[in-house]
Amino acid sequence: MLRIAVVPVGGEAVRLRPLTIETSKSMVRFLNKPLLELALLRLARSGIKEVYLGVRGYYNYKDLFDYFREGYWFRERYGLREDLRIRYMPRYDTLGNADAVRIIMEYYEIREPVIV
């Protein structure tokens, strides 16, 4: 069973303006929750234990980290059996989503299958 997910969340989101002028696209709210929170909840309920976010840019990283931190609060808020651990991509320039996934897998030495 897969236990690790890599979620590329970088990019400028110009097509979502004006919603993304002051926030990253993954933090755009739906039902008063960031879209990424809804996706992470679905992953956690599917058995994912670790999520690596492919973040690009300081403000994108800051938005995400300020809200999600390491993700341990997911268990309490949603009544999950286990914690969801959230990690972030190191600061590297990438050539796109696939490159972000590669960098994360190399940096964190992930040697098992992941869901992207």
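Every read-out reported here was derived from the displayed coordinates using simple, explicitly stated rules and does not represent laboratory data. These figures come from a predicted structure and were not determined experimentally. Heads up, the Cβs are rebuilt from the backbone with ideal geometry, glycines too, and the neighbour counts pull from every protein chain shown.
What full-extension length gain, to one decimal in nm, is calculated for ALA98 and ARG17 as 0.36 nm per residue of separation minus the Cα-Cα distance? Display every interim value, and only then the final one.
Values: separation 81, 0.36 × 81 = 29.16 nm, distance 2.45 nm.
Extra length available between ALA98 and ARG17 comes to 26.7 nm.
Using Cα positions and a limit of under 23 Å, work out the lysines in reach of LYS25, with same-chain residues fewer than 8 apart set aside.
Filter leaves LYS33, LYS62.
Relative to a virtual label point 7 Å from the Cα of ARG77 in the Cα→beta-carbon direction, which members of the stretch 11-38 show backbone nitrogen distances below 17 Å?
Answer for this model: 24-38.
If you take every DSSP beta bridge whose two residues both sit in the chain, what share of them, in percent to the nearest 5, is antiparallel? Walk me through the numbers before you get to the answer.
Details: 2 of 12 bridges.
Counting DSSP beta bridges with both partners in the chain, the antiparallel share is about 15 percent.
Do the sum for the chain: with -39,500 (n - 2.57) for every DSSP H run of n ≥ 4, divided by all residues, what is the mean residue ellipticity at 222 nm, to the nearest 500 deg cm²/dmol?
Numbers: 4 runs with 39 residues, N = 116.
Theoretical 222 nm ellipticity from helices: -10000 deg cm²/dmol.
To the nearest Å, what is the center-to-center distance of the stretch 85-116 and the stretch 38-58, using C-alpha atoms only?
Here the answer is 12 Å between Cα centres.
Tell me which chymotrypsin sites (Phe, Trp or Tyr not before Pro) from the stretch 7-116 have a DSSP coil assignment and no more than 16 other beta carbons within 10 Å of their own.
Working: sites: PHE30, TYR52, TYR58, TYR59, TYR61, PHE65, TYR67, PHE68, TYR72, TRP73, PHE74, TYR78, TYR88, TYR92, TYR107, TYR108; in loops: TYR72, TYR92, TYR108.
Passing sites in the stretch 7-116 are TYR72, TYR92, TYR108.
Is the C-alpha gyration tensor of the chain telling us rounded, prolate or oblate? Criteria: a/c under 1.5 is rounded; beyond that, a/b larger than b/c is prolate, otherwise oblate.
Values: a/c = 1.91, a/b = 1.10, b/c = 1.74.
Taking the square roots of the gyration eigenvalues as a ≥ b ≥ c, the chain is oblate.
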